[in-house]
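Undergrad: Handing you a structure now.
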Amino acid sequence: MAYTEQEVLAGLAEIVAEETGLAVETVTADKSFVDDLDIDSLSIMTIVTHAEDKFEVTIPDEAAKDFNTVGDAVNFIVGAQG
Amino acid sequence: MATLKQAAGSQFSRIYGFGAYRGENVVTNDDIAGPIDSSDEWIRQRTGIITRRRADADLSVIDLAVNAAQDVLNTTGIAASDIGAVILSTVTYFHQTPAAAAIVAERIGANPAAAYDISAACAGYTYGIAQADAFVRAGTAKYVLVIGAEKMSDFIDPTDRSISFLLGDGAGAAIVGPSDTPGIGKTVWGADGTKAGSIYQTHSWQEMGANPELGFPTLRQDGPSVFKWASFKMGPVALEAIDAAGLTPQDIDVFVPHQANMRIIDQLIKQIKLPEHVVVGRDIADTGNTSAASIPLAAHRLLAEGTAKSGDVCLQIGFGAGLAYAAQVIVLP
C-alpha cells in the first residue's frame, strides 16, 4: 500500500526528530535540511537510510544529495513507491 | 601413481601481539583548516578528529612499517628469523615493484620470509589477518607478520575538503601464529567494485606522465556516500562475523573498527547493537585516519592504556576504497 504525501511527511518528520532531537512539529515540508534544520550531509544520509527502510523505497545517493527541503525528500519518496 | 604430501598447520591461530608507530608531529585542526575554509569546530563535529599525527618528511612508509614491526617483535619476543611471511598493506608506497614488504623483511632480519604487499586500503589490515590466519592453519607459515603502514601525508591535497583533512601517518603490526585454542574467527569479507569511484586517486601515474601539469595525484572521496555505506552496510557484515565465530553481540568485549570517522563508529555501534560494556577503539580522535594502520594502532592503544585486556573478545572490521571490507572476531593478545 502506497503512503500518502501526508503520511510520508509525518513519518519523515519522526525520523528527523529521532536523528536530530528537533521537535517533530518543526519539521515541515518547506524547511531546508541544511539552512533551517542545521542537518549536515552525513545526518541526511542517516535520515535517508531510515526512510528507505520505513517506506520500502530506494533513494540513490545522488538523489539524496539533491534534497534541499524536507518537501524534496517527501516528493521523491512518494514518487519512488511502487 | 605417487601421492603427494600436503602441509597441515596448527588447528587454531591467534594474534601474539601488536606493534605501533605514529607520526611524530601532532597536527591540529587549526593547522589545516585555512586552505579548506573550515574550522576546528566543524572538523570535530563532522569527524571527531581533534588532532592527527603525521610523520617527518624524510621518513618513508617503509620506515614507518619497520618501526611498527620492530615494536611487535620486541613485544612478543618472537625472533625475526622465525617469521615465515610478511604481509604489508599500504596504498602509499609509490613503487609498482618490488614490494615494500620485501625491503621491510630484510630490514627487520626476517629474510628470507615470503614478503608481499596487498592493496585493500582501509580494509587491508583485516585482509592481512585473514591471510595470516589461513597460512598458519594451512602450515604455509608458522608466524606471519601483518603490517598496515601508511604515510597518507604524501598523498593529500591541503585544499581538498573531502578526505585529506582526516588523514594521518602511522603503522600498526601484528604477529599471527599457532594456538592451542581458537583465536581468530572466520573472516567475513568482500568488495563492491560498483562503488570504486567512491574513494579514488585523482589521476593515474600514466596520466601524470603524459601531462606533468596534473602534478602528483592525491585522494578524494564522496564523503556522504561512503558514510552511508560504511555506517549501514558494515553493520550486517560485522554481525555475520560475530555469528560465524559462534558468538552474539553480548559476547563482544572490545570493538575496534577502522578509524575513519567517529560518526561512523557511533552509527556502527547502534547498527550492531553492541552492549554498553563494550570498549570501543576511538584512536581517531588524536591519530586521525591512518587507513590500513588504524585498527592495529587502536587495538595496541587499548591494551597499552589498560582499557582492554589480554583474553578479551574483540570484533574488528576494516572498510574502505574498493570498496573493500573484512571483519573478524579475535582474542586480544
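Undergrad: Please report, in debye to the nearest 20, how large the charge dipole of the range B:221-332 is about its Cα centre when each Lys and Arg carries +1 at its beta carbon and each Asp and Glu carries -1 there.
TA: Computed about the Cα centre, the dipole is about 240 debye.
Undergrad: Counting only C-alpha contacts under 8 Å and six or more residues apart, can you give the relative contact order of the range B:118-200 as a whole percent?
TA: On the way: 75 pairs, mean separation 24.6, N = 83.
Averaging sequence separation for qualifying contacts and normalising by length gives 30 percent for the range B:118-200.
Undergrad: Just going by the charge dipole of the range B:12-179, with Lys and Arg at +1 and Asp and Glu at -1 on Cβ, which of B:Thr92, B:Tyr143, B:Ile32 is farthest out on the positive end?
TA: My answer, from the dipole projection, is B:Tyr143.
Undergrad: If the cut-off is a Cα-Cα distance under 13 Å, which aspartates and glutamates reach B:Lys270, setting aside same-chain residues fewer than 8 apart in sequence?
TA: Straight-distance partners of B:Lys270: A:Glu19.
Undergrad: Test of understanding: extend the Cα→C-beta vector of B:Asp56 to 7 Å, then name every residue of the range B:1-42 with backbone N under 12 Å from that spot.
TA: Residues passing the 12 Å test: B:24-25.
Undergrad: I'd like the antiparallel share, as a percent to the nearest 5, of DSSP beta bridges with both residues in the protein assembly as shown.
TA: Antiparallel bridges: around 70 percent, rounded to the nearest 5.
Undergrad: If you take the beta carbon distance between A:Lys65 and B:Asn211 as r and set R0 to 45 Å, what does 1/(1 + (r/R0)^6) give as a FRET efficiency, to the nearest 0.05?
TA: 0.90
Undergrad: Suppose every Lys and Arg Cβ carries +1 and every Asp and Glu Cβ carries -1, with no other charges. What dipole size does the protein assembly as shown come out with about its Cα centre, to the nearest 20 debye?
TA: 1800
Undergrad: Past the 32 Å Cα-Cα mark, which pairs from B:Lys142/B:Lys228; B:Lys195/B:Lys273; A:Lys54/B:Lys151; A:Lys54/B:Lys195; B:Lys151/B:Lys195?
TA: Working: B:Lys142/B:Lys228 39 Å; B:Lys195/B:Lys273 26 Å; A:Lys54/B:Lys151 42 Å; A:Lys54/B:Lys195 25 Å; B:Lys151/B:Lys195 24 Å.
Beyond 32 Å: B:Lys142/B:Lys228; A:Lys54/B:Lys151.
Undergrad: Where a ≥ b ≥ c are the square roots of the eigenvalues of the C-alpha gyration tensor, would you call the range B:12-179 rounded, which needs a/c under 1.5, or, failing that, prolate if a/b is larger than b/c, or oblate? Working shown, then result.
TA: Numbers: a/c = 2.36, a/b = 2.12, b/c = 1.11.
Verdict is prolate for the range B:12-179.
Undergrad: Using a Gaussian network model on chain B with a 10 Å cutoff between Cα atoms, which of B:Ser164, B:Ser204, B:Ser179 fluctuates the most?
TA: B:Ser204
Undergrad: Still on this structure, please answer the following. If you average the C-alpha positions of the range B:9-29 and of the range B:147-181 separately, how far apart do those two centres end up, in angstrom?
TA: 10
Undergrad: Can you give the calculated 222 nm mean residue ellipticity of chain A, where each DSSP H run of n ≥ 4 adds -39,500 (n - 2.57) and the sum is split over every residue, rounded to the nearest 500 deg cm²/dmol? Show your work: numbers first, answer last.
TA: Details: 4 runs with 47 residues, N = 82.
Result for chain A, helices only: -17500 deg cm²/dmol.
Undergrad: To continue, here is another question. Volume per residue, Å³, of the convex hull around the alpha-carbon atoms of the protein assembly as shown?
TA: Values: hull volume 77.8 nm³, N = 415.
Cα-based convex hull of the protein assembly as shown, divided per residue, equals 187 Å³.
Undergrad: Can you give the convex hull volume of the alpha carbon atoms of chain B per residue, in Å³?
TA: Working: hull volume 50.6 nm³, N = 333.
Once divided by residue count, the hull of chain B is 152 Å³.
Undergrad: What are the semi-axes of the equivalent ellipsoid for the range B:188-331, taken as the square roots of 5 times the Cα gyration tensor eigenvalues, largest first, in whole Å? The partial results should precede the final answer.
TA: On the way: eigenvalues 197, 57, 30 Å².
So the equivalent ellipsoid measures 31, 17, 12 Å along its semi-axes.
Undergrad: What ranking of B:Ile330, B:Ile156, B:Ile163 emerges when the number of other C-beta atoms within 10 Å of each C-beta is taken as an exposure proxy, fewest first? Before the final figure, lay out each step's value.
TA: Values: B:Ile330 26, B:Ile156 18, B:Ile163 23.
Ordered from fewest to most neighbouring Cβ atoms within 10 Å, B:Ile330, B:Ile156, B:Ile163 come out as B:Ile156, B:Ile163, B:Ile330.
Undergrad: With springs only between Cα atoms under 10 Å, which of B:Leu64, B:Leu219, B:Leu145 fluctuates most in a Gaussian network model of chain B?
TA: It is B:Leu219.
Undergrad: Long-range amide H contacts for A:Glu56: which residues qualify at under 5 Å (H placed 1.01 Å from N, peptide plane, sequence gap of 5 or more or a different chain)?
TA: Close amide H contacts, sequence-distant or interchain: none at all.
Undergrad: Enumerate the calculated ³J(HN,Hα) couplings along the range B:81-97 in order (Karplus 6.51 cos²θ - 1.76 cosθ + 1.60, θ = phi - 60°), each rounded to whole Hz, writing x wherever the residue is Gly or Pro.
TA: Listing the rounded values in order: 5, 8, 6, x, 8, 10, 10, 10, 9, 7, 10, 10, 10, 9, 10, 5, 7 Hz.
Undergrad: Once fully extended, how much extra length lies between B:Lys270 and B:Glu305, figured as 0.36 nm per residue of separation less the alpha-carbon to alpha-carbon distance?
TA: Numbers: separation 35, 0.36 × 35 = 12.60 nm, distance 2.50 nm.
Computed gain between B:Lys270 and B:Glu305 is 10.1 nm.
Undergrad: List the aspartates and glutamates whose Cα sits under 18 Å from the Cα of B:Lys309, skipping any in the same chain fewer than 8 residues away.
TA: Here the aspartates and glutamates satisfying the reach criterion relative to B:Lys309 are B:Asp251, B:Asp253, B:Glu276, B:Asp283.
Undergrad: Check the straight Cα-Cα distances from A:Lys31 and name the lysines below 17 Å, setting aside those fewer than 8 residues away within the same chain.
TA: A:Lys65
Undergrad: Please state, as a whole number in µm²/s, the translational diffusion coefficient that the Stokes-Einstein equation yields for chain A at 25 °C and 0.890 mPa s, with Rh defined as the Kirkwood radius across alpha carbon pairs.
TA: Numbers: Rh = 12.3 Å.
My calculation gives 200 µm²/s for D.
Undergrad: If you don't mind, there's one more thing I want to ask. With a cut-off of 8 Å between alpha carbons and a minimum separation of six or more residues, what is the relative contact order of chain B in percent?
TA: Values: 833 pairs, mean separation 85.1, N = 333.
For chain B, the relative contact order is 26 percent.
Undergrad: If each DSSP helix of 4+ residues adds -39,500 (n - 2.57) and the sum is divided by the residues in chain B, what number results at 222 nm, nearest 500 deg cm²/dmol?
TA: Working: 10 runs with 108 residues, N = 333.
Roughly -10000 deg cm²/dmol at 222 nm, from the helical runs in chain B.
Undergrad: For chain A, what relative contact order do you get, as a whole percent, if you take Cα pairs closer than 8 Å and at least 6 residues apart? Walk me through the numbers on the way to the answer.
TA: On the way: 92 pairs, mean separation 32.6, N = 82.
Relative contact order, chain A: 40 percent.
A short reminder: the numbers here are calculations on the coordinates, not readings from a lab. Not measured: the values here are computed from a predicted model. For neighbour counting, all protein chains shown are included, and Cβ atoms are generated from backbone atoms with ideal geometry for every residue, glycine included.
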